[in-house]
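Chemist: Would you mind keeping the following structure in view while I ask a few things?
The values are calculated or read from the model by the stated rules, or taken from the named source; none is laboratory data. Here the structure is a predicted model, which is why all the values come from computation and not from measurement. Please note: Cβ atoms are built from the backbone with ideal geometry, for glycine as well, and neighbour counts cover all protein chains shown. Heads up: the accessible areas ignore ligands, DNA and RNA and are worked out on the full protein's heavy atoms, side chains in. Shrake-Rupley method; radii C 1.70, N 1.55, O 1.52, S 1.80 Å.
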Amino acid sequence: MINVRYEEAVKAMERGLLRYLPEEKARRFAEIFAGNSRDGVHSHGMNRYPRYLSDMESGLCDPNVTEAERVSGVGALEVWDAHFGVGPLIAEQMASRAIELAREHGVACIALRNNSHWLRAGRYGLMMADAGMAGICFTNTCMNLTAYGAKQNSVGNNPVTLAIPRKKGSLVLDMAVSQYAYGKLEIMAQQGKKLDSPVGYDTHGELTCDPAEIVKSGLMLPMAQWKGSALSIMLDLMASTLSLGRTALQIGTPAEGEKGMSQTFICINPAAVIDMDKADAQIEETLAFLNGLTADGKSAGVHAPGENLASVRERSMREGIPVTEETWAKILKAGE
């Protein structure tokens with residue numbers, strides 16, 4: 001691993017993106033890649049950059065489309081079409097629109113169809129929480145997990161995020177329905193690391209703790225067995241039904257390329273109906289209790305999701321963003 005300064009990372013990725021996007025959009029997209037890694041979400045940050053360039057080159061993502069089109073709506077419920085455009089830029093547009101509607105109506109729901117990969121789900125929940133709102137966002141994916149009871153790709157590793165505003169820094173849960181993100185497995189494989197438990201199959205159909213074998217086979221299990229499988233199915237059907245977009249079955253398998261996801265952005269404005277100072281006090285009381293628990297000796301104790309985000313950002317900005325030599329070499333090559 002090497003450490004790269006945030007601004008250096010942004011400029012390097014912007015150079016490659018300028019082949020596909022105008023300067024303002026290229027800069028913003030580069031900031032999203034670098035920002036995700038800066039926040040410690042390496043599985044959906046700079047390591048995804050080479051793949052996204054490939055998706056724009058192949059046509060899986062249309063770089064000419066950076067904003068979605070409103071299809072229909074009533075009150076605070078709207079449906080938009082991304083037309084297979086640049087996923088993270090469009091997802092930020094949808095999160096901003098949900099915030100705008102929630103300020104007016106108290107709650108808002110944006111259903112989006114035909115979007116490309118949005119990278120880090122938590123980014124859009126954090127946008128809402130940092131605006132003083134609560135956020136719930138989720139997406140479906142291609143069929144890149146084995147449903148419980150099966151041994152073939154049949155459900156998506158569908159990410160979901162829940163975010164809560166907090167004076168000391170917003171809290172955000174950002175998780176998919178597998179034990180590990182594929183991006184995390186790729187990084188561990190590059191580093192030669194092994195998993196602590198078998199979470200997928202190798203190319204011979206046997207359970208394995210080798211992340212490289214799981215990446216090679218593409219056969220990963222949902223977390224919590226049947227519960228993770230059920231959650232994946234319902235997130236997929238909820239997102240695709242609200243938007244009348246593609247299901248995981250229609251998106252297909254990873255080998256076919258991940259194109260046209262269905263995504264949902266729900267924003268809630270609690271300040272419209274409750275005393276936010278009292279809500280914040282309740283949050284701090286809970287966090288104080290959790291932080292005060294005796295650690296089990298294997299971890300740094302108990303923290304709420306996103307509680308340490310500010311310190312992670314500060315360290316990355318001070319010491320640089322950790323990135324593998326392999327990924328950084330690809331980023332520099334793309335900008336030549």
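Chemist: Using mean Cβ contacts within 10 Å as the protection proxy, how do 131-142, 235-246, 70-81 order, highest first?
Modeler: 131-142, 235-246, 70-81
Chemist: While we're on this one: For segment 231-273, just say rounded, prolate or oblate: build the C-alpha gyration tensor, square-root its eigenvalues into a ≥ b ≥ c, call rounded for a/c under 1.5, and beyond that prolate if a/b exceeds b/c, oblate if not.
Modeler: prolate
Chemist: At 0.36 nm per residue, minus the direct Cα-Cα distance, what do Glu24 and Glu206 gain on full extension? Give it in nm, one decimal, please. Numbers along the way, then the final one.
Modeler: On the way: separation 182, 0.36 × 182 = 65.52 nm, distance 4.75 nm.
That works out to 60.8 nm of additional length.
Chemist: Tell me, what is the per residue accessible area of segment 87-160 in Å², probe radius 1.4 Å?
Modeler: 28 Å²
Chemist: Quick check: residue separation of Ala310 and Lys194 times 0.36 nm, minus the Cα distance between them. What number comes out in nm?
Modeler: 38.8 nm
Chemist: Quantify, in whole percent, the carbon and sulfur part of the accessible surface of the chain (1.4 Å probe; protein heavy atoms only).
Modeler: That fraction is 54 percent.
Chemist: Which FRET efficiency, nearest 0.05, do Val74 and Ala329 yield, Cβ-Cβ r, R0 35 Å? Kindly include the intermediate steps, with their values, before the conclusion.
Modeler: On the way: r = 50 Å, r/R0 = 1.43.
Approximately 0.10, to the nearest 0.05.
Chemist: Which value, in debye to the nearest 20, describes the size of the charge dipole of segment 1-127 about its Cα centre when Lys and Arg Cβ atoms bear +1, Asp and Glu Cβ atoms bear -1, and nothing else is charged? Write down the numbers at each step before the final one.
Modeler: Details: 16 positive and 17 negative charges, 71 e Å.
Approximately 340 debye in magnitude.
Chemist: I'd like the distance separating the alpha-carbon centroids of segment 168-228 and segment 294-336, in whole Å.
Modeler: Using only Cα atoms, the two centres lie 18 Å from each other.
Chemist: With +1 on each Lys and Arg Cβ and -1 on each Asp and Glu Cβ, and nothing else charged, work out how big the dipole of segment 206-283 is about its Cα centre, in Debye to the nearest 20.
Modeler: Values: 5 positive and 9 negative charges, 51 e Å.
The dipole magnitude comes to about 240 debye.
Chemist: What is the distance in Å between the Cα centroid of segment 87-161 and that of segment 38-64?
Modeler: Between the Cα centre of segment 87-161 and that of segment 38-64, the gap is 17 Å.
Chemist: Right, another one. As I understand it, the dipole of the chain uses +1 on the Cβ of Lys and Arg and -1 on the Cβ of Asp and Glu, about the Cα centre. Which of Gly245, Gly45, Leu173 lies farthest toward its positive end?
Modeler: Comparing the listed Cα positions along the dipole, Gly45 ranks first.
Chemist: From the square roots a ≥ b ≥ c of the eigenvalues of the alpha-carbon gyration tensor of segment 181-299, which class results: rounded (a/c under 1.5), prolate (a/b over b/c), or oblate?
Modeler: Verdict is oblate for segment 181-299.
Chemist: Once you order the gyration tensor axes a ≥ b ≥ c over the Cα atoms, which shape class does segment 29-84 get: rounded for a/c under 1.5, otherwise prolate or oblate by comparing a/b with b/c? List each step's numbers first, then the result.
Modeler: Details: a/c = 3.45, a/b = 1.58, b/c = 2.19.
In terms of gyration-tensor shape, oblate.
Chemist: Could you tell me which of Ala131, Leu112, Ile2 has its Cα farthest along the dipole of the chain towards the positive end, charges placed at Cβ (Lys, Arg +1; Asp, Glu -1), taken about the Cα centre?
Modeler: Most positive-ward Cα: Ile2.
Chemist: Still on this structure, please answer the following. Quick one: the Cα spread of segment 106-218 along its three principal axes, in angstroms, biggest first?
Modeler: Principal extents (Cα only, largest first): 52, 31, 23 Å.
Chemist: While we're looking at this one, here's another question. May I ask you to list, by number, the DSSP H helices of the chain whose Cα span along the axis is at least 18 Å and whose average Kyte-Doolittle hydropathy reaches -0.5 or more?
Modeler: Result, helices passing both filters: 87-105, 226-243, 276-291.
Chemist: Continuing with the same structure: With +1 on the Cβ of every Lys and Arg and -1 on the Cβ of every Asp and Glu, and nothing else charged, how large is the dipole of the chain about its Cα centre, in debye rounded to the nearest 20? Don't skip to the answer; put the middle values down first.
Modeler: On the way: 34 positive and 40 negative charges, 44 e Å.
That gives the chain a dipole magnitude of about 220 debye.
Chemist: For the chain, what does -39500 (n - 2.57) per DSSP helix run (n ≥ 4), summed and divided by total residues, give at 222 nm, in deg cm²/dmol to the nearest 500? Display every interim value, and only then the final one.
Modeler: Values: 12 runs with 141 residues, N = 336.
After summing the helix terms and dividing by the residues of the chain, the value is -13000 deg cm²/dmol.
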